[in-house]
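Written below as structure tokens is the structure these notes are about.
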Amino acid sequence: HFVAKKTWAKSSPGMEPLALMECLKQLLSKGLEVSRLVTDRCSSIKKKIEEFNIAYNCSIEVEYDIWHYIRSVKKDLVKLAKLKSCADLASWIPSITYMLWYAFKEANGNVDRLKEIINSIPDHMCGVHEFPQNKYYKRCPPHSRRTKYLSKSSIVIKKLKEILAKPNRVKDLSNMTNYCHTSLLETFHSKLNKYCPKRVFYGYQSFNARVCQALLSFNENVNRELKQDEDGNPIVHMTSRRYIDCRQGRQAREKQTQVWKESVRLTMLNKVKNNQPNDKPFNENALPTIRTTIKPGQDKEKVREETKRRLQIIEESRKKN
């Protein structure tokens, strides 16, 4: 793992490309070859990767996370379904979400096929399941009808076509043809919020240690078995939807384990018992840099005094340790 320092950039979004480039350099220095990189729909990272490929003679492909695309579309659909004129859309949102996942899975690296499947969604909602004008996707697969078909002239179909035809979304489809998503990374971020929540400030060394704990816990539980009852049948948990009055089933997994904590404890005890030094001794230069933002109308002298006070607290804490 790698933790970027706050002083590297002026903002959090600006740190992400810099930290990513540093991680890629470390991977290349260890002899690992990176063929594909999956990120959210960030144009700045794509540009950075293009420059990185030229500088380090690499051929890293950039793929966008399809979950972010579907979430963005779903957000627009939920907002649209709240309108009185588009109330019929609410019952179709689960089906549209499923059809988008199906479209990305069936693209098979072909962006034209992907566009044809996505553009067929409004026709499918109107009861049209054959598309002779298409080159790759000419017929919908067999399915069961659960919701009422809509009219082609309805405002719901018109607005849905506008949502799917937004220029940025159509442009990004060329980077979403290999069914790549970052669901495991989002799961790790959830784990990271447990060990180092964003509402709490941690020093650089402490933050590094907490990230390591989150990584150990995540790696231990990422491949947990699916939960079953005594007869061997899967146990299903029900979840509700916010935008529609229905529930969705999801198969449960076994309870998480924390064996890694015992391994860390035994390792530390052995080091103390054998009088072994730390692999990475404390580095004074790794201490976080205090930077106080001056707000409009704020006294600069008070800001200087506040900064000195914080630096003094850090220095006293360092001497005690």
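Answer yes if at least one residue in region 78-100 is within 25 Å of Lys158 (Cα to Cα) and aromatic (Phe, Trp, Tyr), and no otherwise. Walk me through it before giving the result.
First, the residues of region 78-100 that are within 25 Å of Lys158 (Cα to Cα): 78-100.
Retained after the next criterion (residues that are aromatic (Phe, Trp, Tyr)): 92, 98.
Scanning region 78-100 turns up at least one residue that is within 25 Å of Lys158 (Cα to Cα) and aromatic (Phe, Trp, Tyr).
Which condition breaks for Thr292 when tested against (1) modelled with pLDDT under 65; (2) in a helix (DSSP H, G or I); (3) open to solvent by less than 90 Å² (accessible area, probe 1.4 Å)?
All conditions are met except number (2).
What is the number of the single condition among (1) touching a helix residue (DSSP H, G or I) at 6+ places or on another chain (Cβ under 9 Å); (2) open to solvent by 50 Å² or more (accessible area, probe 1.4 Å); (3) at pLDDT 80 or above that Ile163 does not meet?
If we test Ile163 against (1) touching a helix residue (DSSP H, G or I) at 6+ places or on another chain (Cβ under 9 Å); (2) open to solvent by 50 Å² or more (accessible area, probe 1.4 Å); (3) at pLDDT 80 or above, just (2) comes out false.
With respect to Asp88, is the statement that it is farther than 21 Å from Cys126 by Cα and in contact with a helix residue (DSSP H, G or I) (Cβ under 7 Å, 6 or more places away or on another chain) true? Walk me through it before giving the result.
On the way: farther than 21 Å from Cys126 by Cα: no; in contact with a helix residue (DSSP H, G or I) (Cβ under 7 Å, 6 or more places away or on another chain): yes.
Taking the combined requirement at face value, the residue does not satisfy it.
Considering each of Ser72, Ser95, Ser91, Ser59 in turn, give the residue that is in contact (Cβ under 8 Å) with a residue 60 or more places away in the chain and within 22 Å of Thr177 (Cα to Cα). Lay out the reasoning, then the answer.
Details: Ser95 fails: in contact (Cβ under 8 Å) with a residue 60 or more places away in the chain; Ser91 fails: within 22 Å of Thr177 (Cα to Cα); Ser59 fails: in contact (Cβ under 8 Å) with a residue 60 or more places away in the chain.
When all the criteria are applied, what remains is Ser72.
Could you grab me the full set of residues in region 101-136 that are more than 17 Å from Glu63 (Cα to Cα), buried (at least 17 other Cβ atoms within 10 Å of the Cβ), without any contact (Cβ under 8 Å) to a residue 40 or more places away in the chain and among the aliphatic types (A, V, I, L, M)?
Matches in region 101-136: Ile117, Met125.
Give the number of residues within region 169-202 that are of a type in the set (Lys, Arg), without any contact (Cβ under 8 Å) to a residue 40 or more places away in the chain and part of a helix (DSSP H, G or I). So that I can check it myself, show each step before the final result.
Just the residues of region 169-202 that are of a type in the set (Lys, Arg), to begin with: 169, 171, 191, 194, 198-199.
With without any contact (Cβ under 8 Å) to a residue 40 or more places away in the chain added as a condition, the list becomes 171, 191, 194, 198-199.
Pick out the ones that are also part of a helix (DSSP H, G or I) and you get 171, 191, 194.
Summing the residues that are of a type in the set (Lys, Arg), without any contact (Cβ under 8 Å) to a residue 40 or more places away in the chain and part of a helix (DSSP H, G or I) in region 169-202 gives 3.
Take region 26-55 and flag every residue that is more than 18 Å from the chain's Cα centre (by Cα), in a helix (DSSP H, G or I), in contact (Cβ under 8 Å) with a residue 24 or more places away in the chain and surrounded by 13 or more Cβ atoms within 10 Å (Cβ to Cβ). Even if it seems obvious, please write down each step before you answer.
Step one: list which residues in region 26-55 are more than 18 Å from the chain's Cα centre (by Cα), which gives 26-35, 47-55.
This time we only want the ones that are in a helix (DSSP H, G or I), so: 26-29, 47-55.
Okay, now just the ones that are also in contact (Cβ under 8 Å) with a residue 24 or more places away in the chain, so 26, 28, 48, 52.
Hits for region 26-55 are Leu28, Lys48, Phe52.
Out of the residues in region 141-160 that are modelled with pLDDT of 90 or more and among the basic types (Lys, Arg), state the one that is least open to solvent (accessible area, probe 1.4 Å).
It comes out as Lys159.
The values are calculated or read from the model by the stated rules, or taken from the named source; none is laboratory data. Quick caveat: nothing in here was measured; it's all calculated off a predicted structure. No Cβ is skipped: glycine too gets one built from the backbone with ideal geometry, and neighbour counts run over all protein chains shown. Just so you know, the surface numbers come from the protein's heavy atoms only, side chains and all, with ligands and any DNA or RNA stripped out. Shrake-Rupley method; radii C 1.70, N 1.55, O 1.52, S 1.80 Å.
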